[in-house]
Every structure is written in structure tokens, then in C-alpha cells.
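Right, one structure below, let's go through it.
Please treat every number below as a calculation from the coordinates, not as lab data. All figures in this text were calculated on a predicted structure; none of them were measured in a lab. In this analysis, Cβ positions are derived from the backbone assuming ideal geometry, glycine residues included, and neighbour counts consider all displayed protein chains.
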Amino acid sequence: MTTDLAKFAADKGVKYFMISFTDLFGGQRAKLVPAQAIADMQEDGAGFAGFATWLDMTPAHPDMLAVPDPSSVIQLPWKPEVAWVAGNCVMEDEDVAQAPRNVLRRLIDEAAAEGLHVKTGIEAEYFLMTPDGNQISDEYDTAAKPCYDQQAVMRRYDVVREICDYMLDLGWGPYQNDHEDANGQFEMNWEFDDALRTADKHSFFKFMTKSVAEQHGFRATFMPKPVEGLTGNGCHAHISVWDAPGSDARSNVFAMEPNGSSQTAELGLSEKGRHFLGGIMKHASALAAITNPTVNSYKRINAPRTMSGATWAPNTVTWTGNNRTHMVRVPGPGRFELRLPDGATNPYLLQAVIIAAGLDGIRTKADPGKRHDIDMYAEGHKVRGAPKLPLNMLDALREYDKDKSLKAAMGEEFSSSYIKMKTQEWNDFTSHFSQWEKDNTLDI
Ligand code: ADP
Ligand code: MG
Ligand code: MG
């Protein structure tokens, strides 16, 4: 049954709705709509000038409407008089083809038409910085190997507990929080869900974490490599596919062969699971344009060893069992972990590109290739034939542009808008004068 937002407001004491959408660069945009106007907005949507955001529109485009998806509504736990609701972008009665949530919805429908339901969990690491973003917020957090640091996590207990309490109240099933591998870095985990729900939760988690951090006088950042020399912010995705919307273990098609057996599969991954993974492997270099979408992303992957001893980020397109030095890890039966994405990835496009690559893998019966049970950081040079991940954003965009089937699966309109906007961003970056150029070429 569709949630009536006006009734939701009356029942819960909500005064304002934040009708939100996410643009191509992952920016979250919203209008604050008073509860008394929400009934009309629920029908018609809130109006935006698309050109004012990163959606590849001109100032001459007609109004774009963000039509709330009432099933996504969340009352802000830290400000209960406001409720956030994800909007679907519509222009002249048509879905805006390049809007990230629409790209994901279309791919979810395609998968469902083939009887496949993708479920994912993400690990959105973040740093707590000083408000100007220049330093980590805790001057005592200096250990060389700070992961799981008991003392340091307790110095930020008030922030971590507040966010975790909110996730408990929201029914997300959070189950652990820790200090991560970089000084100033944290991770909070909650239960996996349908891809669209996970994308909405991922967006909301970023909004919530930034908001709570601000209230405590800090700045939370999901930037892939906010501090040079320290481990970066990953956003690993755990993926499984089910043949029914529920989560009865028997319907996990990654765990079960069609004959009902789960015993024969390599590492507990069924034939369909292997093909889905094959699609991820086949499209990995192009995928990076979405999973690692910024200039800074390429300071996390392919990075030199960090102060803690390992980057925990991949360099090469390889997979393995329970070993964190590869792009894909199969931690247990019936799912795999893609370790490529970083904190800058767009929550909706991340899920969309996983489904696009995976479905292509299933349709083409893609083979993920040989698995390598080695320490990639120490012995990676021994692997022959596995592509290196792109070295920078432009290389990734070119890989994406070359990958015709992935571009088509993500949608031609989306793909051309994305490549266009991101190439402009790259050009903006390269036209920026840097100190490095002076330091290295002044006397040439
Ligand atoms: P790790 O740090 O070992 O990679 P975490 O516990 O931090 O693992 O995160 C694991 C994520 O994977 C969680 O979001 C969890 O709910 C999710 N997950 C577990 N099982 C599945 C599954 N079958 N399908 C999709 N996601 C899963
Ligand atoms: Mg984790
Ligand atoms: Mg992980």
C-alpha cells in the first residue's frame, strides 16, 4: 500500500519534507516542502531547474520534477520535524533517462523480468575531520596501525553511538562499528537489502553521518583519499542474487545450483553466481568510471603502501576466496565482495552498474577466469594476463566509452551524459595549475 505522506506527517508530527534526488556527480539536492503542501507534491513532484545541478541539461530545459517515492520516506532521527524522501526525476511526463535513481530502477526491473533480485550490502567508510577538512579531528589518533583501536573509537563514541542508535531505530539492523585502518577513519555496518533500498540507505547514511558529525563539531568525509599516505575510504559492495523477492536461503541463486545442490560449487558460488561475477570481471576497467568516479579516486586504487602497511584497495582485475588483497573476494557461500568502489561512488549508479555488468555476465555466460589465491600486494607481479585497473579518471572514462555493452546496459542517454559531464570535470582539473608543476618544471 502506498504511504500517504500527508497522513505520515500528521501521524508523526512532521512539519517539512525534504524531497531529494541525486545528480550524476552524486550530489544530493532537495527542496524543503511544508507538510501542508505535500499532498500535491506527492502527486506532481517538486520542481527544479535541472541545469543548476549536474544532470547534463541546459538553462532552456523545462522544469524537472522530483516525484517522491513514498516507500523511501525517513523521518530524520536527529530532527524529527523533517522527513527525507527520495524523488524520481521526471520531465514532461517522462522519466529523466540519465537521473541515477531512474537508471537503477530500470535495471532492477530488467533483472526482475528475468526472475533475478539483486541484494547488496555496502561498507561506507568515512573520516572524521576538523570542520575545515584539513586534519583528522582527533590529534591523539596517531598509531601506525590504528585499525580497531579501542581507545580511539571511544574518543568518538558520541558520534558513532548516535548514528548507530539512529540506524537501530530505523530498523536497518546495524551490527558493528569500528575504527578503521586509517587514523581518523570509521566504519559502521548494517544488514544488506534490495539494491534500491541499499542505495537509498547509502544516500541517507552519508547525509546522516555528515549531519551528526557537524552537530559534534566535526566534518565527516567519504572522499576516497582524504589524507595522503593513509588508507582511503572504500565502499565495498557485497552482492547476492535471489530468485524471489524474499530472503529464504533456498532462493539465493548464487548459493544454489538449479538442481537444488549447494555442494558442488567452487567456494559456494553457483554457476549463475560465477557468470554474474564473470560480468563484473569482464567489465571491471569500465566499471571503475562509476565505482571510482573522481580524480582523487585514483589515489586510493593503485596506491603505494600506506602507513598501516597495506592500502586494502585493489590494483588489478583479479578474484579469490577469503583474501582481501584482490578486487573481488568470496568471503563465504552465496555472495561475493567487490572491493573496488570508493566513498565517492554515486549510491544509485554503484548498484546500477553492478546489476548491468552482472546481468550481461549471466546472459553471455561470462567466465570469471582463474582465481588467484595469493597475496596480490606481495605476489601480484606473478599474475599473467589480468588487466591493471585504470590509473586515472580519464583512463577509466575511456574504458567506459569503449565498453559498448556496458554503455548500452546503463542506457545510451545516461552513458553519453555521464561521459560528457565527467570529461568536462577532468578537463577542468587538468587546466588547474598546481604547485607540482612549479616544483618540477620551473627550471626546465
Ligand atoms: P567485511 O568487512 O568482512 O567485508 P562487513 O561485515 O563490514 O564485511 O560488511 C558485510 C556486508 O555484506 C554487510 O552489509 C552485510 O549485510 C552484507 N552481506 C552479508 N551477506 C550478504 C549477502 N548474502 N548478500 C549481500 N550482502 C550480504
Ligand atoms: Mg567491513
Ligand atoms: Mg569489506
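Placing unit charges on the Cβ atoms of the charged side chains and taking the dipole of the chain about its Cα centre, the candidate lying farthest along the positive direction among Trp319, Ile239, Ala39 is Trp319. So what's the net charge close to Asp23: Lys and Arg +1, Asp and Glu -1, counting the other residues with Cβ under 11 Å from its Cβ? Taking every Cβ under 11 Å from that of Asp23, the sum is +1. For the chain, modelled as a GNM whose springs connect Cα atoms under 10 angstrom apart, the maximal fluctuation among Gly173, Gly50, Gly385 occurs at Gly385.
Given a cut-off of under 8 Å on Cα pairs at least six residues apart, what relative contact order in percent is computed for the chain? Don't jump to the answer; show the numbers that get you there.
Values: 902 pairs, mean separation 66.9, N = 444.
So the answer I get is 15 percent.
For region 5-89, the Cβ-based charge dipole about the Cα centre amounts to some 340 debye (Lys, Arg positive; Asp, Glu negative; other atoms uncharged).
Here is the link list: Lys365/Lys407; Lys79/Lys420; Lys31/Lys282; Lys201/Lys225; Lys210/Lys388; Lys201/Lys370. Which ones come out longer than 30 Å on Cα distance? List each step's numbers first, then the result.
Working: Lys365/Lys407 19 Å; Lys79/Lys420 38 Å; Lys31/Lys282 40 Å; Lys201/Lys225 23 Å; Lys210/Lys388 34 Å; Lys201/Lys370 34 Å.
Table pairs above 30 Å Cα-Cα are Lys79/Lys420; Lys31/Lys282; Lys210/Lys388; Lys201/Lys370.
In summary, the aspartates and glutamates within cross-link reach of Lys7, defined as a Cα separation below 20 angstrom excluding same-chain residues under 8 places away, comprise Asp40, Glu43, Asp44, Asp69, Glu81.
Taking the centroid of alpha carbons for each part, region 65-119 and region 1-16 are 18 Å apart.
Ranked by the mean number of other Cβ atoms within 10 Å of their residues, highest first, the peptides 78-87, 271-280 fall in the order 271-280, 78-87.
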